[in-house]
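Below is one structure, written out as structure tokens, with a few remarks after it.
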Amino acid sequence: MFEFLFKRSGDNKSGDKPAGQGAQPEPSASRPAASTAPRALQAERLALVRGDEAAAVEFILQCEFSELRLTAAESVHSPDALERVHAAMRNTDRRVAKLMQARLDAHRHRESEHRRAEATLAQAQALLEDALLTPNHVAELDRKWAVIAAPELADAFGQVRTALGRRLEDQVRLQRAMIDRLAALRRLGSAQPDAAPSAAELAERLDALAREQGEALQAPEHASLPRGLAAEFGVEHQKLQAGLHAIEAGQSALAARAAFLEDRQARPAAELDADALRKEWRALPPLPQELAQALSQGQGGALQDRFDALLASAPQPEARKPKEASPPRTREPGSAPRNKGADQHFIDNMDAMEAALQQGSLGTAAELDKALKEARDKGMRLTPAQSDRLAHVRSEFKRLSDWARWGGNVSREELIKAVEALTTQQLPMSELAKKVGSMRERWKALDSLSGAAPKSLWERFDAACSAAYAPAAAHFRHLADERHANAARGDKLVEEARAEIARLQSGEAEWKHVAGTVQRLRLAWSHLGAIDRKDKKRLDGAFADALNVLQAPLEEQRKAEMAEREQIIELAAAIDPHDRHAVDTMRALQQRWQEHARALPLERKSEQALWQRFRAVCDDVFQRRKDSMHEADIERRAHEAAKEAISARLEAAAPDATPAGAGKLLREAQAEWQAIGPVPRAHEARVEKRFHAALALVQQHADGVRRAAGVAQAGHLRDKLRLVRELEQAVAGGDDADAAPVDWAARWDAVAAPDAELERVLRTRFDAALAALQGDQARRAAYARQLEHNRDALLHDLLRLEIGAGIDSGPEFARERLKLQVEVLQSSLKSGPKPAAQRGAGQKAAPGQPAGGNPGGAAASGAGLRALCALPALLDARTASRIEQLVMRLAKNG
């Protein structure tokens, strides 16, 4: 009836394994089945979410298999979904996170390209609407679009770019037409008088060009026309329009001369008179300056040749004959020589003057006329023909001079207009001064070619030049004032340098301040500006001397500082990267470098070179340390893998662990674990936790097997005790004559044997009881008395063992239990603490302490149990139940 006391909550028909262990399948068969079923389910779910982005995102966030997550990630494309999956998988699944990051980067790149394309398209539309479109803006627009990948906006940009191209083509055509019109005007203006069109034709062509120019200025792309070309066209057109009357007069004069020559050439030569022809020729309308300069060329030259031929064909007047023939006179002594005419040099000068007049070179003609006058003033006598020729040449020179004076005044008017226009042009001051100077030189050249100008024209020209040159004069005065101010600042800089020299020599200045002052003075001197030449040489010398005095000790100090920096570099290069204090040493050297750099800055080039070397050394040390740490990290990861393998091996061996092999397995695992080096610090707690959990698992399985074996042994011992008790009850109660004989030996053999020691003890007791039962009556009575006599001792020993095992003995034994506990405590206090191995059954543990507290207590409990089992005594049901409970408790405690 006490079977329920010996039944554990985890006992079942399959064996005596601990609770939770018996129903578990074998690891080799359960793990694949456990992992295959969820994978198949999630694979089926993946097949359903293909193409659905939201479902794919939810599947990725819930899936446990990386391959399925990667397959589902192929369906994720929107930015929000990509961000969500990337944030969730960043530390979980590297492949999925990398795919999401790549798609996010591609999406951001497309958005960036689209924004740039929209900005470029907006710029193109703004250029299309801009009134002033320039090719460089369009070229810059094309360069921007060339590096943009936005196919969706390519058509829109192509349309705008085509419109811009049409505008540029219109501008090119408009400008080309403008250049052609200006060239046509210039050709009309530079045409030879004989090849020039008639005045009416010229006026018609000028009107046509003016209309074309007006249409061009009203065209949509008129803003692209160069202002200089438009201004030149206006000037050329006004010039030709102003000279139209002169051209008409010249052409009428040429027509009159041609008609005169035709009329005179039609008359007989005998009717012609040379003097009359000369007078009539001179009386014809004068030619303009341009025609007068072209008399030797073209139509004008041909008319003059025809007139000369006509004049030569006219009969010459005969020389007067003397009234009487007289004998030739002989020259008397002292009389004047006869007039033989001018010498050859005079005639050559006159021929050169005629040639100069024919070529229109009035300057050369004026110089030759001056030479001829000087020769005449010296008493040169000419023949009548030479006099007539000289008079004709001088009259022609006077006529051409008059025309040149008229043309010079026209040129002076144009020159005055050009000078007055300078005030409206935004020219640089130097160019303005050059233009005004060139205008004055041209005025002087006109004076030498066309004679002196009227006073009114000179006053107008001088006033216009003064007004045009006024901004340049003010600008140059301002520059002169700036040069004086720069010279004053230069003097201040020299004085400041000298004051710094005085502080340095007195020992008050710091090297950092001296270096900063030198650099600042140099920079200020380089930005000083222009100085008058007379002051620049003096200031340059004084400043150079002052800086040399300042730099001499500064350079010495910098040399010492460079040596100190070199020493720091050598110390940094000597650092062992494997040293645990390497980082602190390097930081100390960097701090020292910064202190030296703050104390005295070096020259920029030297400072940069030293710093590059120091940084290279520091980077090399940190790189080697990083490489060392990387190697150490690889080694730690290898250690981690080895320790994980140990843990995995223990976890695999745990289900098959036995008490005999568990100890060896645990010792070997701990020894191997201790022999392996450290693991990464971040994984150390996890690896240690898994290892200890594996150890505990092995120990748990071994303890479970041991407890199951102990429970089985306890069951065998219980059955043996029951059999011995029945036999002793039979001895104490006597044989029933009517009862069937019992085969005690067969029953003994039918019960499984407990522990060998207990088997021997119980066997001895069983044999003694069986011998008494089978012996005579006296022996039986003696053995019954012994059984009765040992009852109190057995109860006493049982109570002591219950106290040691922590089992409640019941309220009826409370007094005896308390008394025994006091005795045990007193004996412990008197004898002092004893090793656990020396304690008896009653000294196993203090009150309230578990029975399995130490190996010595377990050994004492085992000895007490053997003694209890070896003691033959009569037992009632309550005592038997207490013994069986004690046996099961001791079996559970190991």
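Exposure proxy shown here: for W443, W748, the number of other Cβ atoms within 10 Å sets the order, fewest to most, as W748, W443. Distance between the modelled labels on S881 and A660, one decimal in nanometres: 3.9 nm (7 Å Cα→Cβ projection).
Candidate cross-link partners of K144 among the aspartates and glutamates, defined by an alpha-carbon separation under 17 Å and a same-chain spacing of 8 or more, comprise E111, E113, E118, E152, D155.
Quote the FRET efficiency, to the nearest 0.05, computed for A203 versus Q175 with a Förster distance R0 of 22 Å and r equal to the Cβ-Cβ distance. List each step's numbers first, then the result.
Working: r = 27 Å, r/R0 = 1.21.
FRET efficiency, A203 to Q175: 0.25.
What ranking of E595, E640, E802 emerges when the number of other C-beta atoms within 10 Å of each C-beta is taken as an exposure proxy, fewest first?
Values: E595 9, E640 19, E802 22.
Lowest count first: E595, E640, E802.
Fewest first, what order do D155, D633 take by the number of other Cβ atoms within 10 Å?
Numbers: D155 8, D633 12.
Ordered from fewest to most neighbouring Cβ atoms within 10 Å, D155, D633 come out as D155, D633.
The label-point distance for R187 and R477, in a model that sets each label 7 Å from Cα toward Cβ, rounds to 5.1 nm. Overall shape: oblate for the range 752-813, with the ratio a/c of the largest to smallest alpha carbon gyration tensor axis at 1.5 or above and b/c at least equal to a/b. For the set K98/K626; K98/K643; K98/K689; K492/K536; K643/K689; K559/K605, the pairs lying more than 22 angstrom apart at their alpha carbons are K98/K626; K98/K643; K98/K689. So, in Å, what gap is there between the alpha-carbon centers of the range 796-832 and the range 132-162? Using only Cα atoms to place each centre, the spacing works out to 105 Å.
In loop segments of the range 449-551 as defined by DSSP, the GluC sites (Glu not before Pro) with at most 15 further C-beta atoms inside 10 Å of their C-beta are E508, E510. Local charge sum around P151 (other residues, Cβ-Cβ under 13 Å, Lys/Arg +1, Asp/Glu -1)? Here the count lands on -2. If you average the C-alpha positions of the range 73-130 and of the range 40-54 separately, how far apart do those two centres end up, in angstrom? Cα centroid of the range 73-130 versus Cα centroid of the range 40-54: 26 Å apart.
Bear in mind that the values in this text are calculations on the coordinates, not laboratory data. Computed from a prediction, not measured in an experiment: that's the story for all the values here. With ideal geometry, Cβ positions are generated from the backbone for all residues, glycine too; neighbour counts draw on all protein chains shown.
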